[in-house]
Amino acid sequence: MSLELHFILVLLLRMAIAAAFVVSASIITERAGPVIGALVATLPVSAGPSYVFLAIDHDAAFIAQGALASLPVNAATISMCLTYVVLSQRHNLVVSCGSAVAVWIVLASIIRQFDWSLAAGLAANLIAFGICIPLLAGYRHVKMPLVTRR
């Protein structure tokens, strides 16, 4: 077997395993209801398999640095979600998603300019949650329509 074919097959296998985790979590979330579904959906079902695959190919220092770098980027993701929720109430999908992604890119670019410690990454997340949760308070009490399966 050629090296290129081996690489493609391993890549496809890894993609299928990661997708299977995400789809399984989605099915469990759909069938278990909103409370249990929220608990399952917040598990690291997409990042978990990715870190396992990275650990197979890289050393512990690489994985630790990747995990540490992803922690402060969570703060940018929280801000992206706030931007989308607020803008989607009055604007179309293109404006809402485009603006939210632009906010994420700007914040992630700024975040990547610094070397982050664990404490600083946790502090960035606490600050982001501290700002965004009160701003989203008015959007938390919306009734979700029931989804009926065919």
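Any read-out appearing in this document is the output of simple, stated calculations on the displayed coordinates, not a laboratory observation. Values in this document were obtained by computation on a predicted structure and should not be read as measured data. Reconstructed Cβ throughout: ideal geometry from the backbone, glycine too, with neighbour counts over all protein chains shown.
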Taking the stretch 1-57 on its own, what percent of its Cα-Cα pair distances exceed 17 Å? 48 percent
Let's see if you can work this out: charge +1 on each Lys and Arg Cβ, -1 on each Asp and Glu Cβ, no other charges. What is the dipole magnitude of the chain about its Cα centre, in debye to the nearest 20? 760 debye
Tell me the mean residue ellipticity at 222 nm calculated for the chain from its helices only (DSSP H runs of n ≥ 4, each -39500 (n - 2.57), averaged over every residue, nearest 500). -26000 deg cm²/dmol
Mind checking which helices in the chain clear 27 Å along their axis (Cα) and have mean Kyte-Doolittle hydropathy of 0.5 or more, DSSP H runs only? 3-32, 60-88
Under a plain spin-label model, where a point goes 7 Å from the Cα along Cα-to-Cβ, how far apart in nm are residue 109 and residue 74? 2.5 nm
So for R0 = 22 Å, FRET eff. of residue 60-residue 10 from the Cβ-Cβ r, to 0.05, ends up at 0.55
In nm², the average projected area of the convex hull spanned by the Cα atoms of the chain is 12.8 nm²
